[in-house]
Structures are given as C-alpha cells and as structure tokens.
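**Student:** Pasting in a structure now, in structure tokens, and then I'll have a few things to ask.
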Amino acid sequence: MESTSHWPCWLFPSGLFYVLAGFLVRSTLVSAQLQHQHPIARVPYKRETPLGLPGEHAIEPLPRCSFYLWDKGKMRLPAKYTPINWSNNQFSLELHLQRALQQHPWRVQKEETADLRFVAANLSMMCTAKKVFAARQVWRDIMAQLRPTTAQCAECARVWVPDRCAQCAAQHVPTVVVLTNKECGVPWVNGPSPSSNFVFIQDHGRRGIVAPFVLPEARVATWRTLAKQLPRKDWADRPLLFFAMHVPKLYISGTRYMIWRQIRSTPGVLALSSTINCTIGQFSYCRRASQQNFNVSKEVLSSYCNEFCWYKRAKDRRVELAASNGRITGEPRACAASQNTLRRNCRSYHEVQWDNELADMHRAATELTGTQYVAEMMRFRFCIMAPGDFVSSPKIVEFAVAGGLGGCIPVIVVSGEAANMLPYARWLDWCSIAYMVKEKTAVRHMDRVLAQLANVSAHAAEAKRRALEAVLGAFVFKEPTQPRVSANCAEGLDSCTALAADSRQAGLAGPLKSARFSWGAADFLLAEACASSQRLRQGLSLESTDAWPGSSESLRRCFIR
C-alpha cells in the first residue's frame, strides 16, 4: 500500500504531463519487448472435448533472448569420475545444453548486456557419481563469484577489475542453473541459498522450468528405423494398453502398484515391471513378521530378500564410473536393518493379496531389451505413465516420442498440479497430445479408464499422433553437427537475424528435418529460460499459473473420469 504522503498527481498542474509521459514510455517498452519475441509455427487443429479431437492452442509463441554462457572452469569432476555412458543418461541434460549453447546464435560475449546467464555447472553429474560434497563446494564457488560484496562493487567505481566488476554490473541478470538429479538433495545445504533471480531447469517442481528427461537424437533415429521395419496394424487391431514401469516400494509410492494390480490380468493389457518382484514381492515375508512371536536372526534379516532381488542387489553395488568399468564393490546391504525396521516397512503392504498376486509378480518381472521395448510401444494403442519414486518420469518423453513415430499414445497419470510434472506446460497444450488421468482415479478405477480408452476412435488417435509428430523436436536432444553462430553473430542479436530466422522456420515445420539447424529440446528449453527471465524482470512469479495450457485447470476438459 502506498504511503499517504504521496499526493495524487492530478492535484498539480504538471501531473497530467507526467501521466502521459509515463504512458508513452511504458508503450515503447512493451513494443520493444514484443519485437524481442518471435512466433513459432502454430499447429492448426480444432477445440478438444474429452477423449476427442485436439483443441486450438497447442503451440504458443516462444520468446528469444540473448544469453551469456557463464563457464569459469573448475566446476567439473576429473574425467575418471564421469558416469558410464553419461551422454545417454536420463540426467545428462546439463551436458546436452552446454554442447548446444556453445555455438548458439543467441549467445553474446558480454555478461552485463545479456538477458540471462546460463551457469555451465555439472551438479547432476556429481550427484549421479555420488560426489555430493564436490557438488556443494562447486555451488559455494559459484555463489562466491556471482555474488560480489557491496564493498567490492563500490570499489569498481574507482578501479575497474574486469572479472569482479562485470559481476557487479550483471548481478541482477537472471541466472539459469540445471539441477535434474535431486537424489542427493540440493547443493546449497549448509551453504548460500540461491537468490530470487535464479531459475532452475529441473525434472519437476513448482518454481522454475520443468525439463524433459534426456532422449538423445541417435536413440530416436534407432527407434524410427525399428518402427519402419515393424508391421503396422490398424487401430482397431492393436491391443489396448502397455504398462512397463519400475514399481517403487509402497512406503515410497503406491500409485504404480495400485494400477498394476487392477490391470495385470485384463485382456488386451500387457503389465510388466522388472523390479516389482523385488520392491513388492520380497515383502511377502511380512506374513511372518505379523505374527506376535516373530523373531529372526541377523543372517535372515540380511538375506530374506535375495530370492527376489538377487539381480538388483548386485547392480546396486556396481560402480558406474568410467574409471572403474562397472566393477562390483563393497558388501551387499541387509534386506532390513532390524526386526523393527521390517515391521515398520510391512505396514505399507497390508493391502497386498499375496496368495493371488505373488505368482503374477514373478511373471511380470521381465526386463525387455531395447528392441523389444520399442516393438511393444509401437504395437499398442496406449502407453500409461504414472508417478513413481518421483513425480515426473522419463516415460513421459519416451511415450511422447513413440506416439510421434506412430506408436502408442501417452496416457499420463497426474499427481497434484500438472504443470509441476509436465515439460513445456507454459505453452504446450497436453490435451492435444495425450490423455490425462487424475491419480485418485487411476488407483481405484482403472476399469473406467480402460473402458473410455477402448472407445477412442482411429480418427481421434490419428489427430493425437499428428500433434505429437509436430512437437517431436521439443523432446529430442540433438547433437550439434556444425557451427551455428558466426563471429559477427556472437556480439549480439541484431547481427544474426538471418541465422536466427532460419532456426525459427526449421522449428516446428519439420522438427527432425535437415536445415541450417532445426530446433531441438535444448533450443526449446532456452526459449523457456527466456520466458522465465522476462517474468523475473517484470516482477512476476515463476510458479505455474492456471492460465498456462499445461496447468491442471486448463487440462480439466480432457481428464478421464
């Protein structure tokens, strides 16, 4: 609320002049901001009704901006600590973004003139490599350099020190950091917290940018080749639903188990989980733990799960780093630390009907090869994804790409706010490319869901497939094949208009077609960062809003009930 000491401007003769002047300045700024944006090709389609044809607003204009790649070195682990096959890891987003941004046409060389700065750290890789303390130290180093003290900045008025004083000039520039692997917690534990001008690219969350998990272009090319070799069946001749997900332990999340339990014996449904025998089946031992005189030795507590988890227990002890070449290290962990721990864990399994379900768990515990997995996605009408250990999942990306290649249409079980788990919720209308189910519906009423999915026509499914094909580039991380920026373009946006125009025209018109360069997931994420930067500069919140096409409020029209 304004102070009462501020008198209304119309009480002074010059008040009207200042009002008009302010209006003209604001109009000029808004016009400049609009010119700083560019529209991407829209995908035309009609308004959607539940389980019907897609609606009208799948693609909203995506902004562009200038960015500074903040790469000060000493923020990386030695090569020997790089996880094996890191470029194909689901958490390797930071690697693919850094590669794409090195020669990007929107990059500028002066930090203080950029619309945002992208921090080239490798925090997710450090977490995957189990180097938690290294990640925390890197974070402290980043914050020390990005946050010069007031005294240091005051000194810059007298003596200009390039590195430090450039940070003073740019300390209010929005800063983008990638943090997709949060298994280790946030790196600012016992350290400086991020300020309000930080934007995080993450796998899920309320504040920041929700990014798709990494699916490299080479793997998509392999999928495309396999899809062309497989026989294409008519929509009506395809089986209904494909379920192939890790099922977490029930004291972590019971959603996937409750879905599997309902559909495991349904005709036209294939329900597989390579881990369900371990995460659920091992707790069949709970039938003994419920007895009053239950008493077991430490040897039994250490080994009762081996029958169900023998393959996973060896994998958990495998060192997945380049220097170790996958060697096995250490002793296997106990199945349960104590009798009390086992009893406590067993409380989450009281609904499991062991006599009826245990044999089905053994049959479902099948691990498909890569080729078999692609073949099943191409064979079914729908593939279902539900929250597991975390709210989001790589399955969202895999099923979206499979649908774009002519395979199954995604069915996404939404937990909480949809925009906190779906990539590109700010501009992508998910009703146009997938079917949505609320979590409370999925865990109790999969019979209703299957009945409604069975009624989806071939015409409606084809409309979804075309929409998926149109946005396929937003989910594929392309490998930079040629320099995409010239020396002239490196100094600012005005000198690279022609090159940027080529990139825009290649964006959605043909996501995977050859061009001077076509839009990939990294380009779409950079555009998302530009939009977040604009919101911060305007004093707006980064949290999702009901007006977003990918919010739960906007998606209400297409939830299966």
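**Student:** All but one of (1) within 30 Å of Ala531 (Cα to Cα); (2) open to solvent by less than 20 Å² (accessible area, probe 1.4 Å) hold for Ala244; state the number of the condition that does not hold.
**Tutor:** Of (1) within 30 Å of Ala531 (Cα to Cα); (2) open to solvent by less than 20 Å² (accessible area, probe 1.4 Å), only one is false for Ala244: (1).
**Student:** Can you tell me which residue is farthest from the chain's Cα centre (by Cα) among those in the stretch 389-413 that are of a type in the set (A, V, I, L, M) and open to solvent by 10 Å² or more (accessible area, probe 1.4 Å)?
**Tutor:** Of everything passing the filter in the stretch 389-413, Leu405 is farthest from the chain's Cα centre (by Cα).
**Student:** Which residues, taken from the stretch 464-480, are open to solvent by less than 10 Å² (accessible area, probe 1.4 Å) and out of contact with any strand residue (DSSP E or B) (no Cβ under 9 Å at 6 or more places or on another chain)?
**Tutor:** Ala467, Val471, Leu472, Gly473, Ala474, Phe475
**Student:** Taking into account only those residues within the stretch 352-377 that are within 32 Å of the chain's Cα centre (by Cα) and assigned to a loop (DSSP other than H, G, I, E, B), which is farthest from Ser273 (Cα to Cα)?
**Tutor:** Val352
**Student:** It is to be established whether one or more residues within the stretch 184-197 are among the hydrophobic types (A, V, I, L, M, F, W, C), at negative phi and in contact with a Phe, Trp or Tyr (Cβ under 7 Å, 6 or more places away or on another chain).
**Tutor:** Yes, there is a match, as at least one residue in the stretch 184-197 is among the hydrophobic types (A, V, I, L, M, F, W, C), at negative phi and in contact with a Phe, Trp or Tyr (Cβ under 7 Å, 6 or more places away or on another chain).
**Student:** Restricting the first residue to the stretch 423-445 and requiring it to be open to solvent by less than 10 Å² (accessible area, probe 1.4 Å), which pairs with a second residue that is aromatic (Phe, Trp, Tyr) meet a Cβ separation below 6 Å and a spacing of at least six or different chains?
**Tutor:** Short answer, once both residue conditions are applied: Ala425/Trp548; Met436/Phe559.
**Student:** Among all residue pairs at least 6 apart or on different chains, which show Cβ distances below 6 Å where the first residue, located in the stretch 332-351, is more than 15 Å from Thr279 (Cα to Cα) and the second is charged (D, E, K, R)?
**Tutor:** Close Cβ pairs (under 6 Å, with a partner that is charged (D, E, K, R)) amount to Pro332/Arg313.
**Student:** Inspect all residues belonging to the stretch 101-122 and state whether any of them is part of a helix (DSSP H, G or I) and either under 18 Å from Pro194 (Cα atoms) or among the small types (Gly, Ala, Ser) (or both).
**Tutor:** Checked against the condition, which is being part of a helix (DSSP H, G or I) and either under 18 Å from Pro194 (Cα atoms) or among the small types (Gly, Ala, Ser) (or both), the stretch 101-122 yields no hits at all.
**Student:** Within the stretch 275-291, does at least one residue satisfy the condition of being assigned to a loop (DSSP other than H, G, I, E, B), farther than 30 Å from Ser532 by Cβ, open to solvent by 60 Å² or more (accessible area, probe 1.4 Å) and out of contact with any Leu (no Cβ under 6 Å at 6 or more places or on another chain)?
**Tutor:** Within the stretch 275-291, one or more residues are assigned to a loop (DSSP other than H, G, I, E, B), farther than 30 Å from Ser532 by Cβ, open to solvent by 60 Å² or more (accessible area, probe 1.4 Å) and out of contact with any Leu (no Cβ under 6 Å at 6 or more places or on another chain).
**Student:** For residues in the stretch 522-548 being without any contact (Cβ under 8 Å) to a residue 60 or more places away in the chain and of a type in the set (A, V, I, L, M, F, W, C), which is nearest to Leu422 (Cα to Cα)?
**Tutor:** Checking each candidate, the answer is Ala547.
**Student:** Further, regarding this structure: List pairs: first in the stretch 181-195 and in contact (Cβ under 8 Å) with a residue 60 or more places away in the chain, second exposed (fewer than 13 other Cβ atoms within 10 Å of the Cβ), Cβ under 8 Å, 6+ apart or cross-chain?
**Tutor:** Note: no pairs meet the criteria.
**Student:** Here's another thing I want to ask about it. With the structure loaded, tell me whether Leu270 is open to solvent by less than 50 Å² (accessible area, probe 1.4 Å), in contact with a Leu (Cβ under 8 Å, 6 or more places away or on another chain) and part of a strand (DSSP E or B) or whether it fails that test.
**Tutor:** yes
**Student:** From the list Ser348, Ser324, which residue is in a helix (DSSP H, G or I), among the small types (Gly, Ala, Ser), over 26 Å from the mean Cα position of the chain (by Cα) and at pLDDT below 95?
**Tutor:** Ser348
**Student:** Any residue at all in the stretch 73-92 that's open to solvent by less than 10 Å² (accessible area, probe 1.4 Å) and part of a helix (DSSP H, G or I)?
**Tutor:** No - not one qualifying residue is present in the stretch 73-92.
**Student:** Restricting to the stretch 164-182, count the residues that are out of contact with any Gly (no Cβ under 9 Å at 6 or more places or on another chain), at pLDDT 85 or above and not in a strand (DSSP E or B).
**Tutor:** Selection size over the stretch 164-182: 3.
**Student:** Kindly establish whether Trp188 is modelled with pLDDT under 80, over 23 Å from Pro63 (Cα atoms) and out of contact with any Cys (no Cβ under 7 Å at 6 or more places or on another chain).
**Tutor:** no
The values are calculated or read from the model by the stated rules, or taken from the named source; none is laboratory data. Quick caveat, the model's predicted, so the values are computed rather than measured. Positions of Cβ are generated from backbone atoms using ideal geometry, with glycine treated the same way; all protein chains shown enter the neighbour counts. Heads up: the accessible areas ignore ligands, DNA and RNA and are worked out on the full protein's heavy atoms, side chains in. Shrake-Rupley method; radii C 1.70, N 1.55, O 1.52, S 1.80 Å.
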